[in-house]
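**Student:** First the structure, which I've put down as structure tokens, then a few questions once you've had a look.
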Amino acid sequence: MAKESTAIRTMQNHKNRLQLEQVQIAGNLQQIEHKILVLSGKGGVGKSSIAVNLAVWLSKRGKKVGLLDIDIHGPSIPKLLNLENAKLKGRDNKIEPILYNDTLKVISIGFLLQDGNTALIWRGPMKHNVIKQFISEVSWGRLDYLIIDCPPGTGDEPLSMVQLLSNAGGAVIVTTPQQLAVVDVKKCLTFCRQLNLPVLGIIENMKGFVCPHCNHKTDIFKGDGGRQMAEDFNVPFLGSIPIDPNMVPAADLGKPFISCNNQSPTAQSLSRAFEPLLQSNKRQTKSNNKEQIKMRIAIPLTGGKLSMHFGHCEQFAILEIDSESKSIVNTELVSPPSHEPGVLPQWLAGLQVELIIAGGMGQRAQQLFTQNQIQVVVGAPGDSPEELAAAYIEGRLESGENICDH
């Protein structure tokens, strides 16, 4: 019996940990508007350089950006941003990302290694777990864009990332013109289709050489592999990026090329390739805003009525309200995860809740909900969730004293 009880407790603890991770992932992703994976089926095509320059370009455009390096065995983001000596720190049970500037946050396994010669000899499950931690345990905060630099190929890391994100905005595919690269990169496009991951476009890197003296461009790799591939798969072709001899020393010094050589033909080609990504996401956001005419209200319940003590509730009623007609279009009863500090705010944020109607709630809990962009109304009467929601949307909800302050 003792062994059986221990096994049951172990299984329950494991279930609780998984549930907490799901809550944390949902809470973090809720705060990130656009998630873009940078992929390539071939190594050595300049994929990490494209990811870094895209993140810095977006940051320079005033966007709040996160750059996540999930190349576990060959992280190059710290080197490309001159952050090799940076080390991750924790605060409030969260990992704090490294700040490259005021609007760009960076996470890489390279920040956890002893030095640049350390080799990580990991199988798939360990890689999946650390990638999951980078989503669930990092304090990303509000971001306009999360740029994810994936390792070459279609293996564990990009697969884990797509599964964890569940609703990624799409992928940017990087190739070079020659057929040897194109053959492998085509597999990346098939990978995206099989996982229903939208392809935002193809960038053809190393398309010719630009002379630093006269700016004349000479093709090194013959053909138009990237453009032809975009036509064959019916996806956008974002542009060709020529080689500039100043890119290598800039990368070695950790200076993103697009910011330190912004007048060069190569930097201008990068900007032209990135611009459609920004415009595409603007159109997507505008379209989504037209569709989001509903709001979601959460009401804690005990015995089918409003729970007067928020932390003691048995269930939550999640009510979906049509903002135009001011009517309840759906009501769902859900069981909450364990009532541990910080769990419920992230869980309800992951359910896209915008408002909580409560009887009593402590000040600290109210602060946590506010941090997760959830409004709180306290002191509501002990009515049914439908009665409370109707009173709120009609402007006649009367709130009294907050009877709980712990």
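The values are calculated or read from the model by the stated rules, or taken from the named source; none is laboratory data. Everything numeric in this text was worked out from a predicted model, so none of it was measured. Backbone-built Cβ (ideal geometry, glycine too); neighbour counts: all protein chains shown.
**Student:** Pick from the stretch 241-295 the residues that are of a type in the set (Lys, Arg) and at pLDDT below 90: which of them is farthest from residue 213 (Cα to Cα)?
**Tutor:** If we filter the stretch 241-295 for residues that are of a type in the set (Lys, Arg), which is where we start, we get 255, 272, 282-283, 286, 290, 294.
Checking which are at pLDDT below 90 leaves us with 282-283, 286, 290, 294.
Numbers: 282: 38, 283: 40, 286: 44, 290: 50, 294: 58 Å.
The extreme case among them is 294.
**Student:** When only residues in the stretch 368-406 that are in a helix (DSSP H, G or I) and modelled with pLDDT under 80 count, which is nearest to the chain's Cα centre (by Cα)?
**Tutor:** Restricting to residues being in a helix (DSSP H, G or I) and modelled with pLDDT under 80, the top hit is 371.
**Student:** Could you go through the stretch 206-219 and let me know if any residue there is assigned to a helix (DSSP H, G or I) and at pLDDT 85 or above.
**Tutor:** No, there is no match, as no residue in the stretch 206-219 is assigned to a helix (DSSP H, G or I) and at pLDDT 85 or above.
**Student:** Determine, yes or no, whether residue 352 is surrounded by fewer than 18 Cβ atoms within 10 Å (Cβ to Cβ) and either on the phi > 0 side of the Ramachandran plot or not β-branched (Val, Ile, Thr) (or both).
**Tutor:** The answer is yes for residue 352.
**Student:** Still on this structure, I have one more. For the stretch 374-403, enumerate the residues that are over 17 Å from residue 331 (Cβ atoms) and of a type in the set (D, E, K, R).
**Tutor:** 396, 398, 401 - these are the residues of the stretch 374-403 that are over 17 Å from residue 331 (Cβ atoms) and of a type in the set (D, E, K, R).
**Student:** Still on this structure, please answer the following. Residues that are within 20 Å of the chain's Cα centre (by Cα) and surrounded by 24 or more Cβ atoms within 10 Å (Cβ to Cβ), at least 3 per element: which strands (runs of 3 or more DSSP E) completely within the stretch 35-102 meet that?
**Tutor:** 65-69
**Student:** Could you check residue 117 against (1) outside any helix (DSSP H, G or I); (2) surrounded by 14 or more Cβ atoms within 10 Å (Cβ to Cβ); (3) on the phi < 0 side of the Ramachandran plot and say which number it fails?
**Tutor:** With (1) outside any helix (DSSP H, G or I); (2) surrounded by 14 or more Cβ atoms within 10 Å (Cβ to Cβ); (3) on the phi < 0 side of the Ramachandran plot applied to residue 117, the lone miss is (2).
**Student:** Continuing with this model, one more query. Condition first: over 21 Å from residue 275 (Cα atoms) and part of a loop (DSSP other than H, G, I, E, B). Now tell me which residues in the stretch 177-205 satisfy that.
**Tutor:** Start the filter on the stretch 177-205 by keeping residues that are over 21 Å from residue 275 (Cα atoms), which leaves 177-196.
Answer for the stretch 177-205, where residues must be over 21 Å from residue 275 (Cα atoms) and part of a loop (DSSP other than H, G, I, E, B): 177, 178, 195, 196.
**Student:** Do you know which of the residues in the stretch 299-326 that are in contact (Cβ under 8 Å) with a residue 60 or more places away in the chain and part of a strand (DSSP E or B) is farthest from residue 374 (Cα to Cα)?
**Tutor:** Among residues in the stretch 299-326 that are in contact (Cβ under 8 Å) with a residue 60 or more places away in the chain and part of a strand (DSSP E or B), the one farthest from residue 374 (Cα to Cα) is 305.
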